[in-house]
Amino acid sequence: DAKTTQPPSMDCAEGRAANLPCNHSTISGNEYVYWYRQIHSQGPQYIIHGLKNNETNEMAALIITDDRKSSTLILPHATLRDTAVYYCIERGGSEKLVFGKGMKLTVNP
Amino acid sequence: NAGVTQTPKFQVLKTGQSMTLQCAQDMNHEYMSWYRQDPGMGLRLIHYSVGAGITDQGEVPNGYNVSRSTTEDFPLRLLSAAPSQTSVYFCASRSNLATSGGETQYFGPGTRLLVL
């Protein structure tokens with residue numbers, strides 16, 4: 001079973017920042033937090049991952065709390081194309097990624 | 001690079017029929033995996049492979065077989081299809097976790113399977 005908790009859905013206005021929360025209260029010291037998204041019926045797309053430091057790439061920023069029990073994915077300027085299901089995933093030493101139900105982000109014009 | 005390719009895109013089977021879902025990647029990735037996705041659900045891991053000749057079970061392996069004879073290919077076999085296997089199947093690959101970029105898992109476009 002997935003060990004992360006996300007709200008089922010969230011709305012955001014186009015052009016505004018979208019802050020997507022994730023709880024991973026049972027995360028252990030060697031487990032990374034990954035974010036993927038799935039647009040409509042396409043295959044999931046990698047966004048970003050981190051261990052304990054905040055991370056940034058061309059798509060998003062990942063903010064991880066100091067106790068590592070939660071994180072926030074930030075899409076700085078959401079566009080309509082960012083409407084998707086977003087998955088927050090823990091991964092430790094196992095090769096496996098366990099996806100939960102994710103969170104549906106709807107970006108409104 | 002074509003990335004991860006899957007065939008067919010769509011398939012209809014009758015209960016009891018067998019078929020193989022094909023998956024191929026041209027990125028020389030060691031790790032490959034199969035997921036299924038049912039309506040309103042997240043992805044569930046069926047089987048995975050960490051390299052040629054090595055496979056292991058995921059969360060929902062029953063009813064499916066895999067083999068990995070080459071680095072490029074990772075077919076998924078349904079020996080006797082059941083209506084419960086109606087789903088969308090995604091194949092994914094990535095390089096070894098120890099290499100740069102190994103964390104990025106690339107997914108194929110999916111195969112939609114309907115079992116009547």
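Which residue fluctuates the most in chain B, going by a Gaussian network model with Cα springs under 10 Å, if the choices are B:Met32, B:Met19, B:Met41?
Among B:Met32, B:Met19, B:Met41, the largest GNM mean-square fluctuation belongs to B:Met41.
Can you pull the mean other chain C-beta count within 10 Å for peptide B:38-51?
Partner Cβ neighbours, averaged per residue: 3.
Rounded to two decimal places and with Rh computed the Kirkwood way over Cα pairs, what is Rg over Rh for chain A?
Answer for chain A: 0.94.
Using only alpha carbons, build the gyration tensor for the protein assembly as shown and give me the equivalent ellipsoid semi-axes, biggest first, whole Å.
Rounded to whole Å, the semi-axes are 30, 20, 16.
Averaged over all directions, how much area does the convex hull of the C-alpha atoms of the stretch B:41-108 cover when projected, in nm²?
Projected area, direction-averaged: 5.2 nm².
Got a sec? Charge dipole of the protein assembly as shown, +1 on Cβ for Lys and Arg, -1 for Asp and Glu; which of B:Ala52, A:Thr5, A:Ile63 is way out at the positive end?
Farthest along the dipole direction, towards plus: A:Thr5.
Just tell me how shielded A:33-46 is by partners: mean number of partner chain Cβ atoms within 10 Å of each residue's Cβ, no decimals.
Going residue by residue through A:33-46 and averaging, the value is 4.
So if the hydrodynamic radius of the stretch B:1-92 is defined as the Kirkwood radius over C-alpha pairs, what does Stokes-Einstein give as its diffusion coefficient at 4 °C and 1.567 mPa s, in µm² per second?
Rounded, D is 97 µm²/s.
Running a GNM on chain A with Cα contacts under 10 Å, which residue among A:His77, A:His40, A:His49 ends up with the highest mean-square fluctuation?
Result: A:His40 has the largest fluctuation of those listed.
Taking θ as phi - 60°, what are the ³J(HN,Hα) couplings along the stretch B:17-33 by the Karplus curve (6.51, -1.76, 1.60), each to the nearest whole Hz, with x for Gly and Pro?
Per-residue couplings from phi come out as 6, 10, 6, 10, 8, 9, 9, 9, 9, 10, 10, 6, 7, 6, 9, 9, 8 Hz.
Tell me the GluC sites (Glu not before Pro) within the stretch B:46-109 that lie in a loop according to DSSP and have at most 13 other beta-carbon atoms within 10 Å. Numbers along the way, then the final one.
On the way: sites: B:Glu59, B:Glu72, B:Glu103; in loops: B:Glu59, B:Glu72, B:Glu103.
Sites meeting the loop and neighbour criteria: none at all.
Modelled label-to-label distance, A:His77 and B:Val12, 7 Å Cα→beta-carbon offset: nm?
4.7
None of the figures in this text is laboratory data; all of them are computed from the coordinates on show. Everything quoted here is computed from the prediction, not taken from an experiment. Here Cβ is always computed from backbone atoms with ideal geometry, including for glycine, and neighbour counts include all displayed protein chains.
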